[in-house]
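Engineer: Below is a structure I'd like to ask you about.
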Amino acid sequence: MFVDSHCHLDFPDLAANLPEILKRMKTNRVSQALCVSVNMPDWPNLLALVEQHPELWASVGVHPDYEDTTEPSVEDLVSKSSHPRVIAIGETGLDYFRLTGDLEWQRERFRTHIRAAKAAGLPLIIHTRSSAEDTLRIMREEKADEAGGVMHCFTESWEVAQAAIEMNFYISFSGIVTFKSATSLQEVAQKVRLDRLLIETDSPYLAPVPFRGKTNDPSLVVHVAEKIAELRGVSVKEIEEASTHNFFNLFNKINS
Ligand SMILES: [Zn+2]
Ligand SMILES: [Zn+2]
């Protein structure tokens, strides 16, 4: 079975078609999906969604692209994460691509999430865009290795991947790895240790080839696995088994 380690099924485009999406997941043998939180006002809805569907799990956190939104405290994140269906803290991190100006608030918010993950004993879901250097620096300063986690929708260099892996993090590939232009990312996907590799859709965005430009959903994660298998010259089954095993290893609250 495949697992989608990162999706946004609570977003309107996907939530409106949930029964069909869950059916397609079954057809494509995608057994579970992690629905990732992006802000606090929408979180109760996200939690309600995963409570209704045993194949779905939730995280709790505030995405760095949400500027004017409720700022979470460490205590708030820790207390929300104690819910049995919440298995990770995030998504958090830095994004210097979408937003510019004084982004100290982003870095402070990122530190809050790392502290919460360590206090809760849960892994982090980290988003980094045009900000790899600061992301790694704050991970080091806050000892994010004590929580571990995943660098989601990875698009950075092999050096950044190595640094993250050394800090106890997994590397998750999205549909971007199937894009023809993504040659340097494809090299990273060839090199990452099999026991550190995860796959995701980040749906509704970034549908993999041959669905590029369409609305993405967790059932399409199989195309990410197929592309990585092709790049590495191994069977799809090998990527399927490794990425699913890694998912349960990292988000081990599921097993408890
Ligand atoms: Zn993200
Ligand atoms: Zn996301």
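Every read-out reported here was derived from the displayed coordinates using simple, explicitly stated rules and does not represent laboratory data. Quick caveat, the model's predicted, so the values are computed rather than measured. Quick reminder, even Gly has a Cβ in these numbers, built from the backbone with ideal geometry, and neighbours come from all protein chains shown.
Engineer: Does ARG129 count as more than 22 Å from SER5 (Cα to Cα) and of a type in the set (Lys, Arg)?
Structural biologist: On the way: more than 22 Å from SER5 (Cα to Cα): no; of a type in the set (Lys, Arg): yes.
Judged against the criteria, ARG129 is not a match.
Engineer: Counting only residues that are crowded, with 22+ Cβ neighbours inside 10 Å and farther than 11 Å from ASP65 by Cα, which one in the range 88-108 is nearest to ligand 2 (Cβ to nearest atom)?
Structural biologist: Only one residue fits best here, namely GLY90.
Engineer: What tally of residues in the range 140-197 results from selecting those that are in a helix (DSSP H, G or I), small (Gly, Ala, Ser) and without any contact (Cβ under 8 Å) to a residue 40 or more places away in the chain?
Structural biologist: Result for the range 140-197: 5.
Engineer: So which of GLY175, GLY148 is buried (at least 20 other Cβ atoms within 10 Å of the Cβ), more than 17 Å from PRO64 (Cβ to Cβ) and under 17 Å from the mean Cα position of the chain (by Cα)?
Structural biologist: Testing whether each residue is buried (at least 20 other Cβ atoms within 10 Å of the Cβ), more than 17 Å from PRO64 (Cβ to Cβ) and under 17 Å from the mean Cα position of the chain (by Cα) leaves just GLY175.
Engineer: Give me the pairs, please: first residue somewhere in the range 118-133 and free of Cβ contacts under 8 Å to residues at least 40 places away in the same chain, second residue anywhere and within 12 Å of ligand 1 (Cβ to nearest atom) and among the basic types (Lys, Arg), beta-carbon distance under 8 Å, and either six or more positions apart or on two chains.
Structural biologist: ARG129/ARG98
Engineer: Also, I was wondering about something else. For the structure I just gave you, tell me whether VAL36 is more than 14 Å from ligand 2 (Cβ to nearest atom) and touching a residue at least 12 places away in the same chain (Cβ under 8 Å). Give the steps one after another, and end with the answer.
Structural biologist: Numbers: more than 14 Å from ligand 2 (Cβ to nearest atom): no; touching a residue at least 12 places away in the same chain (Cβ under 8 Å): yes.
No.
Engineer: Turning to a different aspect of this structure: Taking the stated definitions as given, is LEU231 surrounded by 24 or more Cβ atoms within 10 Å (Cβ to Cβ) and either in contact with a Lys or Arg (Cβ under 8 Å, 6 or more places away or on another chain) or in a helix (DSSP H, G or I) (or both)?
Structural biologist: Working: surrounded by 24 or more Cβ atoms within 10 Å (Cβ to Cβ): no; either in contact with a Lys or Arg (Cβ under 8 Å, 6 or more places away or on another chain) or in a helix (DSSP H, G or I) (or both): yes.
Criteria not met by LEU231.
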